[in-house]
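Presented below is the structure to which this report refers.
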Amino acid sequence: MERTDILERTALAEVVDIAPAETEPGYALNIAMVYQDALTRKWATQVCDQVTRLAGKDAVHCPQWEISRLNDLCVLKDAILMTMVADVILVSIYDAEELPEDFRVWMDAWLARRYLPAGALIALISVPGELSARPKAARDYLRAVARKGRLDFLLRERRLPVTSRGYFLMEKAAEWTDPAASVLQEALSNEHES
């Protein structure tokens, strides 16, 4: 596992000829999941598990990467390739004024190469303190990424420590026409109710 500096990874992500990965055959829904640590992984995994229960184990493919591992060029390339063809990009992070550099490198790289006409970016953001007093940097950044990539944007925020559930903004999800979207909408609704 070779660690490269951020400038080298950024340059390589820009010039390396990355061919898009093929979507996994037989899967109705490909979800690319990126998380920050064990707590954010648990939350994202709950969403993937709920989708899998609704759609069926053989219908969902959900590769996942920890953000800190994106400093490895092989891991970064794999994450870029899979995200380029994902139906849903599921991001579970902590809100912060400055997002991790490895995360931004990954975002910029797949976004520049994504060619699918539809999809969704789901942001699960863990927020310290009161939700009403939160900074908006992560949310605004992810919303801008979704807009640039022509992706529907769904947001769920959770206050830390986790004592209550946040709410999904389901307005966009209600507009989806893709058959896989209805399964995802139901999973998100059920996850909110549990």
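The values are calculated or read from the model by the stated rules, or taken from the named source; none is laboratory data. Computed from a predicted model, the values in this text were never measured in an experiment. So basically every Cβ, Gly included, is an ideal-geometry build from the backbone, and we count neighbours across all protein chains shown. Ligands, DNA and RNA are excluded from the accessible area calculation, which covers all protein heavy atoms including side chains. Shrake-Rupley method; radii C 1.70, N 1.55, O 1.52, S 1.80 Å.
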**OP:** Starting from the amide H of F153, placed 1.01 Å from N in the peptide plane, find each other amide H under 5 Å away whose residue is 5 or more places distant or on another chain.
**Re:** L121
**OP:** Keeping all protein chains in position, work out how much accessible area W106 exposes to a 1.4 Å probe, and write it in Å² to the nearest 10.
**Re:** 0 Å²
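Kindly sort D58, D49, D102 by accessible area of their heavy atoms, largest first, with the probe set to 1.4 Å.
Working: D58 120, D49 75, D102 25 Å².
I get D58, D49, D102, largest accessible area first.
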Original post:
How would T40, T52 rank on accessible area, largest to smallest, probe 1.4 Å?
Top reply: T52, T40
**OP:** Go through segment 22-124 and name the GluC sites (Glu not before Pro) that are in a DSSP coil and have 14 or fewer other Cβ atoms within 10 Å of their Cβ.
**Re:** E22, E97, E98
**OP:** Calculate, for D108 and D58, the FRET efficiency according to 1/(1 + (r/R0)^6) with r their C-beta to C-beta distance and R0 22 Å; round to the nearest 0.05.
**Re:** 0.10
**OP:** Per residue of segment 95-111, in order, report the coupling 6.51 cos²θ - 1.76 cosθ + 1.60 (Karplus, θ = phi - 60°) as ³J(HN,Hα) in whole Hz, putting x for Gly and Pro.
**Re:** 6, 7, 5, 10, 7, x, 4, 4, 5, 5, 4, 4, 4, 4, 5, 6, 5
**OP:** Pull out a ≥ b ≥ c, the square roots of the eigenvalues of the alpha-carbon gyration tensor of segment 34-126, then state rounded if a/c is under 1.5, prolate if not and a/b is larger than b/c, and oblate in the remaining case.
**Re:** oblate
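Could you tell me whether segment 39-88 comes out rounded, prolate or oblate from its Cα gyration tensor? Rule is a ≥ b ≥ c as square roots of the eigenvalues, rounded for a/c under 1.5, then prolate if a/b exceeds b/c, otherwise oblate. Walk me through the numbers on the way to the answer.
Working: a/c = 3.25, a/b = 1.57, b/c = 2.08.
Cα axes put segment 39-88 in the oblate bin.
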Subject >> Heavy-atom accessible area ranking, 1.4 Å probe, most first, across Y94, Y35 >> reply: Y94, Y35
